[in-house]
Amino acid sequence: MTKRINNFSAGPAILPVEVLEEARDNMLSLGDTGIGIMEHSHRGKAFIAVLEQVEADCRKLANISDDYSILFLQGGASSQFFMVPMNFLEPTQTADYLLTGSWAQKAAEQATRYGKVHTAASSKDRNFAYIPKTATYSEKPAYVHFTSNNTIFGTQWAKEPETPKGSTLICDASSDIFCRPLDVSKYGMIYAGAQKNLGPSGVTLVILRKDLMGRGKTDLPEMLQYRIHADNESCYNTPPTFGIYFMGLVFKWILKQGGLEAVGAANTAKANVLYQYLDKSSMFRATADADSRSLMNVTFVTGKEDVDNKFISEAKKAGFDGLKGHRSVGGMRASIYNAFPKSGCEELVAFMGDFEKKNG
Ligand SMILES: *Cc1c(COP(=O)(O)O)cnc(C)c1O
């Protein structure tokens, strides 16, 4: 097999090798069924057993109570941008959004189709390089929406935003879900497209408090009502069976690492390798404020576009792929999701050190 290289892609992104190997083995026959995982009916015993196990492992991983439904939907996190307001925002109501990046803005824009949107905080004034420390909420928001990790800008909420008492917190956690411990009971809903930290693209994990789900509109098309998916155990229509299966393997892999505490410690150690180097480098610097830095997406620049480009192209030749930053920030971005090994961060830092010596 071709050697696997250091893949810093922002998404779809690196997945654990042992999980890929197990999926490969079950591609031809799931266990001893003689039928591959992708070939099983979603109504059959074998797949239903998989689905139940995936849900059980998800609950175990994040200590999720029966007050919440766990749904496996399609259409990516981007479909949640409109499904959330479509279900939970009346035309006369206001939803509060914390604008910390492009994905947060996209979510807020979709909400304007259904009701009023209030920007409770924004870090747009400095190109989203920080997480706002304060927010001004509207009178009685239908919900408060935030993006826990800003994939493009390399910032992450250190903890949940402070919100008005009794308000419903909804989170797009697409790029940092299960990267560290998380108290699900603080949330009305958490959603995440799988392709950054959980598995292949094509499945979206939704963790939704049942009482909130119950308040959702009932006059929407079935596919767009959360309750229909919950009532049918995510099998109202054919779910993304392979993605669900794969996500389950990733849950088991995280549990095997020691759960969210252990993965959180590992992610902190990994990110520190990069940030400590960036803080002492005289060529590279991190773009995010120190108190807002992401454990998952490390964004950095040299300050000179031609040097950035030279670095990206030489890094690619040396086996460091996916380092080009998003065009709205420029420079570089090293995405180091759960599956990315610490050794890869150390190798990158060594390469950056060499580059700095030669070009500084
Ligand atoms: C990638 C990403 C999205 C978009 O996900 P899709 O599955 O492509 O719709 C949304 N929010 C965040 C925070 C992301 O990182």
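The values are calculated or read from the model by the stated rules, or taken from the named source; none is laboratory data. Predicted model, so just to flag it, every value in this text is computed and none were measured. Note that each Cβ is placed from the backbone with ideal geometry, even for glycine, and that neighbours are counted across all protein chains shown. Note: areas computed on protein heavy atoms with side chains; ligands, DNA, RNA excluded. Shrake-Rupley method; radii C 1.70, N 1.55, O 1.52, S 1.80 Å.
Which percent of the accessible area of region 1-123 is formed by carbon and sulfur heavy atoms (probe 1.4 angstrom)? C and S atoms contribute 52 percent here. Ranking 138, 199, 151 by Cα position along the charge dipole of region 17-257, where only Lys, Arg, Asp and Glu carry charges on their C-beta atoms, puts 138 farthest toward the positive end. For the pair region 73-140 and region 2-40, the centres of their Cα atoms are 35 angstrom apart. Looking at the chain, the DSSP beta bridges with both ends there are about 55 percent antiparallel. Between 288, 107, 46, the residue with the greatest mean-square fluctuation in the GNM of the chain (Cα pairs under 10 Å linked by springs) is 46. Here region 260-359 has 50 percent of its accessible surface on carbon and sulfur atoms, given a 1.4 Å probe and all protein chains in place.
Solvent-accessible surface of region 17-257, taken per residue with a 1.4 Å probe and all protein chains present: 43 Å².
Placing unit charges on the Cβ atoms of the charged side chains and taking the dipole of region 137-250 about its Cα centre, the candidate lying farthest along the positive direction among 228, 166, 190 is 166. When the chain is treated as a Gaussian network with alpha carbon springs shorter than 10 Å, the biggest mean-square fluctuation among 183, 172, 96 belongs to 183. Cross-link reach is defined here as a Cα-Cα straight distance under 16 Å, omitting same-chain residues fewer than 8 places apart; for residue 210 the aspartates and glutamates meeting it are 55, 66, 67, 231, 233.
In summary, the chain shows an alpha-carbon radius of gyration equal to 1.01 times the 2.2 N^0.38 Å reference for compact globular proteins.
Each Lys or Arg adds one and each Asp or Glu subtracts one; over the other residues with Cβ under 10 Å from the Cβ of residue 286, this totals 0. Protein-only accessible surface at a 1.4 angstrom probe places the residues 147, 287 in the order 287, 147, largest first. Here region 260-359 is assigned +1 on the Cβ of each Lys and Arg and -1 on the Cβ of each Asp and Glu. Its dipole about the Cα centre then comes out at about 220 debye. The charge dipole of the chain, taken about its Cα centre with unit charges on the Cβ atoms of Lys, Arg (+1), Asp and Glu (-1) only, comes to about 720 debye. If I build a Gaussian network model for the chain, linking alpha-carbon pairs within less than 10 angstrom, which residue out of 271, 49, 108 has the largest mean-square fluctuation? Ranking 271, 49, 108 by mean-square fluctuation puts 49 first. Let me know the longest stretch in the chain that avoids all GluC sites (Glu not before Pro) found in a DSSP loop with at most 14 other C-beta atoms within 10 Å. Longest site-free region, per DSSP loop and neighbour criteria: 163-360. In this model, which of 280/316; 270/316; 196/324; 280/357; 3/304 are farther than 25 Å apart at the alpha-carbon? Result: 3/304 exceed 25 Å. Counted residue by residue at 0.36 nm each, then reduced by the alpha carbon distance between them, the extension gain from residue 237 to residue 43 reaches 68.8 nm.
Reported to the nearest whole Å, the Cα centre-to-centre distance from region 165-229 to region 314-360 is 32.
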